[in-house]
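What follows is a short report on a single structure.
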Amino acid sequence: MNDTDYMSLALALAVKGRGRVSPNPMVGAVIVKDGRIIGQGYHEAYGGLHAERNALASCTQSPEGATIYVTLEPCCHHGKTPPCTDAIIEHGLSRVVIGSADPNPLVSGKGVSILKAHGIEVTEGVLREECDSINPVFFHYIRTKRPYVIMKYAMTMDGKIATWNGSSRWITGEEARKKVHRDRGIYSAIMAGIGTVLADDPLLTCREPGGHTPLRIICDSGLRMPLDSNISRTAREFPTLLATCVKDQDALCPYLDMGYEILSLPEHDGHTDLAALMDELGKRGIDSVLLEGGGELNWSALRAGIVNRVQAYIAPKLFGGRDARSPVGGRGVNVPDEAFSLIARSVTRIGDDILVESDVLPSINTTDERQAAPCSQES
């Protein structure tokens, strides 16, 4: 086996931490000595040991003189655990092979420099693209202090998210819907608009066995949320944030009494300021948001420049209807050159449906050009 093979094993370990390490990154590590794997581990949960220390703790023999393969540059600062560079040096490892560079300002090349200063050979960039691909949330959040936003929708092959009369259950098949529930358990928050609530009365929970329901966020600028909705009735059971432009305490009191957290935000283009919402969520440590809104909220999110990835579930169906809703509403762009451009990352068959995942490129159509300063991250 070679460096690529061992890094592939470390990657397979890293993703086992998905949904449990946020806002830290997923990291895996494999320790090899004399051509044999003697230790392996991954970052299992936020606040727990990092991958390197778990791998060292699992060693079947002394790791002195061994090579460690780690998917992300080892940390060199004190957070919830001591620096991993200290552990590598103390155990006498002779070589460190790294996949991704760490953009955290507290690390960002400093870990590599410390290891080299102690005479340890360092090889960087092995399977870097693959290692980078598992941590887009961490990389975005650490650089911008804003959540990574995934805009998710299901549509027919003629681009409809509902029939002409608003009916939308169900567009995709059971396997695709199960994946959506698994994804809900991965991200820090799930967000929808009041239009979706009024049309569908969703719960927005994770119904995957053993899954975790993230923070539910409802954008409701005019405070139209029904007090008898599924979300209102479960606001004490599942943390729920109501983002609104309303500041009148008398109007807010019934929602506070039901268990909602209220976040009063500025108005932008007649709606809740989504950029301000992202800034506030970032301050609270919310590193990712699964956006499950309707066409109007999707358009507003794209215009605000907060969408990082698009997940489009495409069902082999045709609804037709000139008035049937599409995934992105609003006014739309004026000419094709103003389109929001995407980079397709993957196409996956899920039952009879197809999932297309794409990254969103920066656009001239975004209304928010504020950039958050890079932040520090406690690991």
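Some notes on this structure:
- Residue in region 8-17 that is crowded, with 19+ Cβ neighbours inside 10 Å, under 23 Å from the mean Cα position of the chain (by Cα), within 21 Å of residue 286 (Cβ to Cβ) and modelled with pLDDT of 95 or more present: no
- Unmet criterion (only one of (1) outside any strand (DSSP E or B); (2) surrounded by 14 or more Cβ atoms within 10 Å (Cβ to Cβ)) for residue 236: (2)
- Any hit, region 68-90, residues being among the aliphatic types (A, V, I, L, M) and assigned to a loop (DSSP other than H, G, I, E, B): no
- Among (1) of a type in the set (Gly, Ala, Ser); (2) under 30 Å from residue 46 (Cα atoms); (3) outside any loop (DSSP other than H, G, I, E, B); (4) open to solvent by 40 Å² or more (accessible area, probe 1.4 Å) - the single one residue 210 does not satisfy: (3)
- So residue 227, is it surrounded by fewer than 18 Cβ atoms within 10 Å (Cβ to Cβ) and touching a Phe, Trp or Tyr at 6+ places or on another chain (Cβ under 8 Å): yes
- Filter result (under 23 Å from the mean Cα position of the chain (by Cα) and open to solvent by 50 Å² or more (accessible area, probe 1.4 Å)) within region 239-256: 239
- Residue tally, condition crowded, with 19+ Cβ neighbours inside 10 Å and under 25 Å from residue 143 (Cα atoms), over region 20-50: 13
- Flag if residue 199 is outside any helix (DSSP H, G or I), in contact (Cβ under 8 Å) with a residue 60 or more places away in the chain and out of contact with any strand residue (DSSP E or B) (no Cβ under 7 Å at 6 or more places or on another chain): no
- Where helices (runs of 4 or more DSSP H) fall entirely within region 249-359, those with at least 3 residues that are in contact (Cβ under 8 Å) with a residue 40 or more places away in the chain and closer than 24 Å to residue 19 by Cα are at 274-283.
The values are calculated or read from the model by the stated rules, or taken from the named source; none is laboratory data. These numbers were taken from a predicted model, which means no experiment stands behind them. Because the Cβ atoms are built from the backbone with ideal geometry, glycine has one as well, and the counts that use them run over all protein chains shown. Ligands, DNA and RNA are stripped out before the accessible areas are found, and what is left, the full protein with its side chains, is counted by its heavy atoms. Shrake-Rupley method; radii C 1.70, N 1.55, O 1.52, S 1.80 Å.
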